[in-house]
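I have placed the structure first, in the form of structure tokens, so that the comments after it can refer back to it.
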């Protein structure tokens with residue numbers, strides 16, 4: 001059984017059983033299994049361990065895994081755990097935790113292997129061999145000058161291709177892409193994906209090597225960021241933890257905020273309807289078509305917001321393309337609106353004759369077009385304002401489209417059917 | 001300038017300029033740049049090339065890149081291009097294209113390096129060196145028996161750690177995870193993510209090695225699958241191509257289907273309202289609160305559907321957890337409903353006294369609770385039916401919640417305010 005599978009099986013157990021099963025694991029695999037547990041599970045295990053056992057686990061953990069664990073804990077707990085570690089490990093952990101949240105510094109591991117350009121292949125291989133035995137990543141070696149400034153990377157395979165006496169500087173250099181430790185971790189993900197690289201060196205402002213970020217770290221980041229986008233887009237606050245583990249009060253708090261904002265927005269729609277009370281009294285059948293028409297606008301808006309938010313997230317389109325995108329969306333949405341308008345015109349004719357048919361068809365076309373354009377522009381505007389485009393959530397776009405829809409529909413009704421309008 | 005950046009810059013040019021700039025690239029980088037272009041751009045370039053130039057590009061392209069290009073082309077074009085290639089390359093391309101769409105077979109590359117357990121480290125390194133020079137992936141070596149059955153993998157670094165005369169079977173084995181070529185490519189992504197491996201061997205039903213899938217291929221798959229989920233969740237059909245490149249008629253077709261389905265669903269809501277026409281005539285102020293209440297249910301449903309769809313996609317929760325999830329959602333949604341009910345009760349009191357306040361508060365609580373439960377159950381039910389949970393899109397959940405909301409609100413109004421009901 002592989003360590004990842006043991007970790008998964010362990011997390012599926014009852015809380016009370018987890019420490020007993022963990023204790024029974026062979027000593028050599030404990031730390032490996034521990035590193036694959038969810039932070040909440042790691043925390044509970046540590047809380048129940050003797051100081052001696054906790055010290056063993058913490059000091060064997062890879063530095064990036066230790067950072068990931070500590071950053072989720074309350075400050076008191078961090079202090080308690082750090083007291084268990086030797087001074088060198090504490091300094092290293094605090095250095096990594098000193099980088100801003102979501103920065104590359106928090107993600108990187110400071111364990112990597114460097115060689116100098118004047119070393120021979122034989123010398124380098126001896127050096128790599130030593131580090132490899134200590135479990136560090138050696139598939140990609142960093143070439144640095146005497147002041148540890150990054151020059152470029154070198155894939156391990158280049159060392160086995162060359163004659164033993166060649167100096168490192170004669171090997172064909174690998175990519176020289178690197179990233180600043182203060183940069184956002186999504187930028188590291190973008191670079192690794194764009195350049196198809198396995199290991200991204202992390203440097204400080206003076207180009208001195210501080211650590212590396214590997215492709216598997218980045219896959220986890222991409223998954224977390226996508227979850228955050230998804231949640232925002234459904235107007236849930238970002239959870240930052242598993243739905244399975246989230247407490248009821250956390251779930252409540254993450255959801256109620258947006259729901260109340262949306263209530264406030266829907267109040268505007270209600271107020272507009274109140275203004276048309278006399279119109280409604282004059283022709284109640286109007287109300288029957290209302291859910292259909294405002295939902296049509298909201299749904300078309302949800303579609304265009306979906307396309308835009310995802311395209312902005314993957315870098316498929318950029319904010320400066322807005323004019324072209326806007327023009328295309330106008331064409332597509334008019335076509336969609338006409339199709340849907342025709343579909344319900346028949347129904348309007350059956351319920352209220354030619355005039356009502358015309359009203360619902362025109363209203364649907366306009367509302368769908370407006371909804372689509374709102375759904376497309378909102379993410380772009382948010383991006384321009386340096387906010388997350390995914391904040392243009394489907395419920396937000398739908399509510400905005402509702403307001404536009406109610407106003408348009410009743411105004412058209414007053415104009416086309418010569419009904420009493422706002423304020424009589 | 002790196003090849004990925006050249007490719008990106010090239011795609012940003014006007015269509016007419018692309019072939020001219022591509023021709024001017026140094027011969028050695030042409031194929032590399034070509035492999036990073038979008039399929040639509042590759043296709044346009046090929047269409048304008050002389051047969052000789054096209055043959056050069058196609059025969060130098062990595063087999064998995066060639067498969068990715070051919071699978072998006074119309075059959076006529078595939079035949080034309082295959083005629084340019086030597087027989088061996090055609091056979092290889094057709095073998096890969098013979099695997100089902102979205103299968104691991106379409107994703108894998110048949111270029112990998114194998115060694116035998118009885119070879120010495122020196123012999124193996126000589127063999128690896130030869131393949132490495134030909135540009136194949138050598139970071140992970142596959143150990144196979146004499147009939148090419150997969151035994152396990154071996155990281156390249158293990159070869160430099162050992163004495164030259166040790167046989168391969170004495171090296172510490174790497175992971176023995178593998179995947180069948182017929183399996184879905186998302187399964188390959190899951191294995192690579194779960195086991196943190198770089199290279200996943202692909203085998204046939206007899207465990208004979210056919211190729212490998214690498215972590216960078218998988219990152220692209222994850223991105224595509226997430227985009228598909230995102231699009232479905234916003235009730236857009238999966239686009240399978242860039243929003244920037246998508247034609248207007250494709251965009252129309254991908255969107256109109258769901259919009260019409262939703263119109264049909266919203267008709268049900270309209271029909272229910274028509275049934276309550278007399279209730280509305282008796283108290284028009286009821287209609288003012290309607291958008292507020294049905295939007296509240298839709299928004300809460302959108303939130304719970306979002307949480308559930310994403311948690312199912314990442315494997316955070318499983319369908320068999322439904323009872324526990326349902327119980328938690330009941331608690332959270334009642335709390336959300338009560339908060340929102342209280343928020344609008346005040347407004348109800350101001351507009352229509354204590355009775356209306358009670359009505360809107362009770363209706364909001366019930367509608368929010370029902371909406372949340374619908375939003376949570378729909379993805380789970382779809383998963384049980386072996387459909388994609390993301391089909392429980394926000395607009396679908398919102399429309400379902402609308403119907404429930406309209407029915408509940410007017411029924412409560414009839415009951416609490418003693419108004420005329422359906423059919424008088």
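Every read-out reported here was derived from the displayed coordinates using simple, explicitly stated rules and does not represent laboratory data. Model, not experiment: these values are computed from the prediction. All Cβ positions, glycine included, derive from the backbone under ideal geometry; neighbour counts span all protein chains shown.
Right, residue B:311: surrounded by 16 or more Cβ atoms within 10 Å (Cβ to Cβ), out of contact with any strand residue (DSSP E or B) (no Cβ under 9 Å at 6 or more places or on another chain), without any contact (Cβ under 8 Å) to a residue 12 or more places away in the chain and facing chain A (nearest Cβ under 7 Å) or not? The answer is yes for residue B:311.
Residue-by-condition table, conditions (1) over 30 Å from residue B:234 (Cβ atoms); (2) more than 14 Å from chain A (Cβ to nearest Cβ):
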| site | (1), (2) |
| --- | --- |
| B:337 | no, no |
| B:351 | yes, no |
| B:359 | yes, yes |
| B:362 | yes, yes |
| B:381 | no, yes |
| B:395 | no, no |
| B:406 | no, no |
| B:412 | yes, yes |
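Within the stretch B:123-142, the residues that satisfy the criterion of being out of contact with any strand residue (DSSP E or B) (no Cβ under 8 Å at 6 or more places or on another chain) and within 11 Å of chain A (Cβ to nearest Cβ) are B:125, B:126, B:129, B:130, B:131, B:132, B:133, B:135, B:136, B:138. Inspection of the stretch A:127-149 identifies no residue that is in a helix (DSSP H, G or I) and within 21 Å of the chain's Cα centre (by Cα).
Filtered by the rule that a residue be assigned to a helix (DSSP H, G or I), under 19 Å from the mean Cα position of the chain (by Cα) and without any contact (Cβ under 8 Å) to a residue 60 or more places away in the chain, the stretch A:382-424 gives a lone residue, A:382. Are any of the residues in the stretch A:110-121 within 14 Å of chain B (Cβ to nearest Cβ), in a helix (DSSP H, G or I) and touching a helix residue (DSSP H, G or I) at 6+ places or on another chain (Cβ under 9 Å)? Looking for residues that are within 14 Å of chain B (Cβ to nearest Cβ), in a helix (DSSP H, G or I) and touching a helix residue (DSSP H, G or I) at 6+ places or on another chain (Cβ under 9 Å), one finds at least one in the stretch A:110-121, hence yes.
Every residue, every condition in (1) assigned to a helix (DSSP H, G or I); (2) surrounded by 17 or more Cβ atoms within 10 Å (Cβ to Cβ); (3) without any contact (Cβ under 8 Å) to a residue 40 or more places away in the chain, yes or no:
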residue	(1), (2), (3)
A:235	no, yes, no
A:243	no, yes, yes
A:250	yes, no, yes
A:255	yes, yes, yes
A:260	yes, no, yes
A:264	yes, no, yes
A:287	yes, yes, yes
A:293	yes, yes, no
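Taking the criterion of being part of a helix (DSSP H, G or I) and either in contact (Cβ under 8 Å) with a residue 40 or more places away in the chain or surrounded by 15 or more Cβ atoms within 10 Å (Cβ to Cβ) (or both), the residues of the stretch A:150-186 that qualify are A:157, A:158, A:159, A:160, A:161, A:168, A:169, A:185, A:186.
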